[in-house]
Amino acid sequence: MSWREIAWNGVRFLAPAAWEVAKIGPRYLLLEDEGGPALEIKWERIKGRFSHKTALKRLNALHRNTVQESPLPDEWGKILGHFNAMGFTWQAEAGGGRGAILYCPACGNATLIQFFGGLAPSIHEICLRVLASFQDHSPDDRVCWSIFDVRAEIPAEYRLVRYRFEAGRFEMHFGAKRQQIALYRWGAASALLENGDICAFAAKTTRIQQSEWRLRTWTGHPAVQWEKSVPDTLWVRFQERMAGNPHFQWFRLWHLLEKNRLLGIGAKGNKTFQADWLDRICTGYESL
């Protein structure tokens, strides 16, 4: 069985490659296999004390009183030893499941993770590997994002603002104070580029004049880049701020020929982003 990494808004785990992300929210993931729902994860940051009992009551109400507390399987308990954990099971006409309510004392996150059909012996080993790989916070100052066919590493201070996943176009936008970065993915590139003209595509997509884009290469791939900054004088910056315009704007777009994908990263804010900082974001952004 092949596996893949999924990382979204702080949580990170391995899942069977055959499990597809069916629903996604700011702090929610539902994965399905060919038979239907396979794994559901919800999480939130807790302020104050956390009660497993209260969380279980809420879950029970959602499942029409079919959920009951159940001891964690011994192997689950060993794997989840660094969490405060409570196990549960549920049974319905359409099937059943097993899961755990986790609280992490280190970061204050509470997570509900449940496997559909989790009572069947056939899924036991899969559950163990998913749980063994599960993390609810990053060990350093960068957060991994790996969803569908893109992967990126973003500084932890940049929080998810909005996202959009549509056929042929992905977007993820992040913000920290008055600084913003955005990740884009387009495909199939062969259908989007007219005569392979990446500059024309960039101009059409961003509505920035084609003459303002600079041709370059990025990590060996055809690329274009655009940058605009306000003159560093108090009066000009004041005028731009009153008009709602950022002090600094930047965009890089590159063509992954072997993947038939286009990747792009945009940045804007009231402070200039350092070139090596932007390069590091681009280096960590890839199409899987």
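The values are calculated or read from the model by the stated rules, or taken from the named source; none is laboratory data. The shown structure was predicted, so the numbers you read here are calculated from the model rather than taken from an experiment. Counting neighbours? That spans all protein chains shown, and the Cβs are built from the backbone with ideal geometry, glycine included. Ligands, DNA and RNA are excluded from the accessible area calculation, which covers all protein heavy atoms including side chains. Shrake-Rupley method; radii C 1.70, N 1.55, O 1.52, S 1.80 Å.
Checking each residue of the stretch 129-151 against the condition of being free of Cβ contacts under 8 Å to residues at least 24 places away in the same chain and hydrophobic (A, V, I, L, M, F, W, C) gives no match. For the stretch 258-268, indicate whether the set of residues that are at pLDDT below 95 and β-branched (V, I, T) is non-empty. No; the residues of the stretch 258-268 include none that is at pLDDT below 95 and β-branched (V, I, T). Go through the stretch 33-50 and give me each residue that's open to solvent by less than 70 Å² (accessible area, probe 1.4 Å), on the phi < 0 side of the Ramachandran plot and not hydrophobic (A, V, I, L, M, F, W, C). Scanning the stretch 33-50 gives D33, P37, E40. When every residue of the stretch 66-81 is checked against the conditions, none turns out to be touching an Asp or Glu at 6+ places or on another chain (Cβ under 6 Å), closer than 19 Å to R129 by Cβ and at pLDDT 95 or above.
I need the full set of residues from the stretch 143-167 which are open to solvent by less than 40 Å² (accessible area, probe 1.4 Å) and touching a Gly at 6+ places or on another chain (Cβ under 6 Å), in order please. The one that is open to solvent by less than 40 Å² (accessible area, probe 1.4 Å) and touching a Gly at 6+ places or on another chain (Cβ under 6 Å): A152. Number of residues in the stretch 173-207 that are of a type in the set (A, V, I, L, M), open to solvent by 30 Å² or more (accessible area, probe 1.4 Å) and either out of contact with any helix residue (DSSP H, G or I) (no Cβ under 9 Å at 6 or more places or on another chain) or part of a loop (DSSP other than H, G, I, E, B) (or both) equals 2.
Select from the stretch 65-101 the residues that are touching a residue at least 12 places away in the same chain (Cβ under 8 Å), part of a loop (DSSP other than H, G, I, E, B) and open to solvent by 50 Å² or more (accessible area, probe 1.4 Å) and list them in ascending order. Spell out the reasoning first.
Residues of the stretch 65-101 touching a residue at least 12 places away in the same chain (Cβ under 8 Å): 66-73, 75-76, 79-80, 82-92, 95-101.
Adding the requirement that they be part of a loop (DSSP other than H, G, I, E, B) leaves 66, 70-73, 80, 82-83.
Across the stretch 65-101, the qualifying residues are P71, H82.
Residues of the stretch 1-16 that are in a strand (DSSP E or B) and open to solvent by 20 Å² or more (accessible area, probe 1.4 Å): W3, R4, E5, R12, L14. Within the stretch 17-32, can you find the residues that are in a strand (DSSP E or B) and either buried (at least 17 other Cβ atoms within 10 Å of the Cβ) or in contact with a Gly (Cβ under 7 Å, 6 or more places away or on another chain) (or both)? Within the stretch 17-32, L29, L30, L31, E32 qualify.
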